[in-house]
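K.L.:
For reference, the structure I am asking about is given below.
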Amino acid sequence: MAEEKRDNNEELRIGVYVCHCGVNVGGVVDCPDVAEYAGNLPDVVVAKDYKYMCSDPGQLMIQEDIKEHNLNRVVVAACSPRLHEPTFRRCVEEAGLNKFLFEFANLREQDSWVHMAEPEAATEKAKDLTRMAVAKARLLEPLEATKVAVDNKALVIGGGVCGIQTALDLGDMGFKTYMVERHPTIGGRMGQLDKTFPTLDCSMCILAPKMVDVSKHENIELITYAEVKQVDGYIGNFHVTVGKKARYVIEEDCTGCGSCVEACPIEIPNYYDEGVGMVKAAYIPFPQAVPLCATIDKDYCIECMLCDQACERGAIDHNQQPSEIKLDVGTIIAATGYDPFDPSGIYQYGYGRFSNVITGMEIERMINASGPTGGHVVKPSDGKEPERVAFIHCVGSRDEQIGKPYCSRVCCMYSMKNAQLCIDHEPDTEVTCYYMDIRAFGKGYEEFYKTSQEKYGIEFIRGKPAQIFENDDLTLTIRAEDTLLGKVTEYTYDLVVLSVGLEHPEGSEELRQTLGVSKSSDGFYMEAHPKLRPVDTLTDGVYIAGVAQGPKDIPDSVAQGSAAASRAAIPMAKGQVEIEPIIARTDDVVCGACEVCVELCPYGAISIVGDDNAAHAEINAALCKGCGTCVGACPSGAMDQQHFKTDQIMAQISAALEDVGK
């Protein structure tokens, strides 16, 4: 990291600019008084106040003063550096000054906004903050950013509709893209659906062409039945290890004819049908699977070799072993999707105990014409069609008692969709929805809700059921309070559907740690900023999209997939990224290689290098975020932080205490 040391013989010429920020600061703090005070501080050659320093005239004032007064340090006392520090750094740089010879004093969040009723005290505090900023500015050193080359290949983790959109966008931009999917086929949860709300379009009719596009795209390499095991490196230079599970079928030779499936004598619960139907131990997940290739489940296979005998192409390989694939990529996008909430832990609803209590995804598979019941909704207890069906919303969502306080954003809508489809399939079916609040927030969603009520005659009861009882004839009685009528109700149904919420999928926590990204309290991956950087993470070069970031519907997932592709394309298109120099530095002589910093670094940016006699910590500038954890923890004082060095911080503290006791 290039750094220019401070010239101790340099004549310091500091300019101080106090911003009114409209009335945010100026309505409380006497800004002209603060500017006059700053003008009398040592080494300050010009001090001014202005209503909006961030405006073009305000920035032009700074640039003209830099040239006229030969300023070599600039202090702006204004709002939060989080908001406008980049603005003023760019401003001084355009005037020929190193952008790191700029210091910010926060007079808004740290002063005027918290002392609105004390204007005199706020003005004195503003003087203190400005004096502290000037004290640090005297010791600032010019820093230079370095540039890191970016590999123009991308990795998309997850093959659902979001990951598919991301990969297609990146591929269409001309970037080599690897897609890793942990299941035998891409398609994700959308591939299990019969229809999509609110238009009731055929889900597979929308999805299948995109799945095929991925498999045929010249810039996309599809790696299915595989998981990311290890990620090393940093933005532009990620080294990824992918573990590919054994299919026991040679993918390149299999044509998906299904001969092995027909020959296999073993039947097992079908994961794709949520366990409602059965599938062979040698199976193809569904007719539109991509790749259209059989997989053998070795947990159930008895190795009778009938599949091997039936395969004319000799594609069966019972000795196939798991393998590892090494990838070098510049950016990574996690589009890992979701798993439906498992309601078996909510004892009062009887899932897993009462045969006619099922989940929303299970009824999805029943309704689907390619599902286990051929498109007919039936009671699991006897296979007969139900006359009365109840849907319970928000199972596994908006429930702090089970640690799921968030709204899953799709449950209300898919409940109404499935309720409508139940009636479409059997018009005499009576359907009731138990809800807490109907959240029909998307385009056409409110109209869909009204259609459910007015056209289909679906009954809506506002209230969360307290208990489900199973009767002797296996019907189910729901006890719930109708909060609109203010009374407790008990109604009996043939089938109860639990509209379960969305949660982060199995294995996502391990992947999160591998990628080095944070998570929010709900377990989903955390974005860098919820509004301004919704698909970025705090790990540069790693992006998130779809339900990996939080619950959302298909349109939002697709939109976010495209957004992540666009964000990932920026560094790859530029071919390099600039690494900010505000990072930790090590004094190799003082460092004792105790490894305290290595263990504490949240970004994995520190390693121990050198032999036993000269071992010391080394910081990877591309990974370091300048959080300062290592600086505070170092027992030998070998670590220091660029732009926040110990002498700079001590100068601020001394300046803050100057007038104490006077």
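The values are calculated or read from the model by the stated rules, or taken from the named source; none is laboratory data. Remember, it's a predicted structure, so these values are computed and weren't measured experimentally. Here the Cβ is made from the backbone with ideal geometry for all residues, glycine too, and neighbour counts use every protein chain on show.
K.L.:
So which residues in the stretch 121-138 are under 11 Å from Arg73 (Cβ atoms) and either of a type in the set (Lys, Arg) or not in a helix (DSSP H, G or I) (or both)?
P.N.:
Lys136, Arg138
One line per residue, one yes/no per condition, for (1) under 12 Å from the mean Cα position of the chain (by Cα); (2) part of a strand (DSSP E or B); (3) surrounded by fewer than 17 Cβ atoms within 10 Å (Cβ to Cβ):
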| residue | (1), (2), (3) |
| --- | --- |
| Ile461 | no, yes, no |
| Thr489 | no, yes, yes |
| Ser499 | no, yes, no |
| Tyr543 | yes, yes, no |
| Val558 | no, no, no |
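K.L.:
Next up: Which of the residues spanning the stretch 385-415 are in a loop (DSSP other than H, G, I, E, B), surrounded by fewer than 16 Cβ atoms within 10 Å (Cβ to Cβ) and touching a residue at least 12 places away in the same chain (Cβ under 8 Å)?
P.N.:
Selection gives Glu387, Pro405.
K.L.:
Of these, Tyr603, Tyr525, which one is within 16 Å of the chain's Cα centre (by Cα) and hydroxyl-bearing (Ser, Thr, Tyr)?
P.N.:
Going through Tyr603, Tyr525 in turn, just one is within 16 Å of the chain's Cα centre (by Cα) and hydroxyl-bearing (Ser, Thr, Tyr): Tyr525.
K.L.:
Further question: Give the residue that is nearest to the chain's Cα centre (by Cα), with candidates limited to residues of the stretch 431-457 that are of a type in the set (Gly, Ala, Ser) and in a loop (DSSP other than H, G, I, E, B).
P.N.:
If we take residues in the stretch 431-457 being of a type in the set (Gly, Ala, Ser) and in a loop (DSSP other than H, G, I, E, B), then Gly442 is nearest to the chain's Cα centre (by Cα).
K.L.:
Among the residues of the stretch 575-587, is there at least one that is of a type in the set (A, V, I, L, M), modelled with pLDDT of 95 or more and exposed (fewer than 15 other Cβ atoms within 10 Å of the Cβ)?
P.N.:
no
K.L.:
Got a sec? Which of Glu11, Glu4, Glu68, Glu64 is at pLDDT below 95 and farther than 28 Å from Ala584 by Cβ?
P.N.:
Glu11
K.L.:
Something else about it: Among the residues of the stretch 524-534, which ones are buried (at least 17 other Cβ atoms within 10 Å of the Cβ) and free of Cβ contacts under 8 Å to residues at least 60 places away in the same chain?
P.N.:
Of everything in the stretch 524-534, those that are buried (at least 17 other Cβ atoms within 10 Å of the Cβ) and free of Cβ contacts under 8 Å to residues at least 60 places away in the same chain turn out to be Phe524, Met526, Glu527, Ala528, Pro534.
K.L.:
Hey, Ala565 hits all of (1) surrounded by 19 or more Cβ atoms within 10 Å (Cβ to Cβ); (2) in a strand (DSSP E or B) but one; which does it fall short on?
P.N.:
(2)
K.L.:
Okay, moving on. Do you know which of the residues in the stretch 8-23 that are in contact with a strand residue (DSSP E or B) (Cβ under 9 Å, 6 or more places away or on another chain) and in a loop (DSSP other than H, G, I, E, B) is farthest from Ala117 (Cα to Cα)?
P.N.:
Step by step, filter the stretch 8-23, then rank; the result is Leu12.
K.L.:
Out of Cys630, Cys624, report the one residue that is within 33 Å of the chain's Cα centre (by Cα), surrounded by 16 or more Cβ atoms within 10 Å (Cβ to Cβ) and not in a loop (DSSP other than H, G, I, E, B).
P.N.:
That would be Cys630, the only listed residue that is within 33 Å of the chain's Cα centre (by Cα), surrounded by 16 or more Cβ atoms within 10 Å (Cβ to Cβ) and not in a loop (DSSP other than H, G, I, E, B).
K.L.:
If you don't mind, there's one more thing I want to ask. Six or more apart or on different chains, Cβ atoms under 9 Å: show the pairs whose first residue is in the stretch 537-562 and without any contact (Cβ under 8 Å) to a residue 40 or more places away in the chain and whose second is in a loop (DSSP other than H, G, I, E, B) and among the aromatic types (Phe, Trp, Tyr).
P.N.:
Hits for this filter: Gln549/Phe524.
K.L.:
Just give me the residues in the stretch 90-130 being polar (S, T, N, Q) and over 25 Å from Asp33 (Cβ atoms), in sequence order.
P.N.:
Within the stretch 90-130, just Asn98 meets the criteria.
K.L.:
Sticking with this structure for a sec: Every residue in the stretch 351-371 that is over 18 Å from Ser415 (Cβ atoms), at pLDDT 95 or above and either of a type outside the set (D, E, K, R) or within 32 Å of the chain's Cα centre (by Cα) (or both), please.
P.N.:
Gly352, Phe354, Ser355
K.L.:
State all residues of the stretch 244-265 that are surrounded by fewer than 16 Cβ atoms within 10 Å (Cβ to Cβ) and either over 16 Å from Arg313 (Cα atoms) or in contact with a His (Cβ under 8 Å, 6 or more places away or on another chain) (or both); if no residue qualifies, say none.
P.N.:
Pro265
K.L.:
Next question, about the same structure. Looking at the stretch 273-315, which of its residues are aliphatic (A, V, I, L, M), farther than 29 Å from Asp194 by Cα and not in a loop (DSSP other than H, G, I, E, B)?
P.N.:
Leu306, Ala310
K.L.:
Please go through the stretch 71-120 and pick out each residue that is among the aliphatic types (A, V, I, L, M), modelled with pLDDT of 95 or more and assigned to a helix (DSSP H, G or I).
P.N.:
Val92, the sole residue that qualifies.
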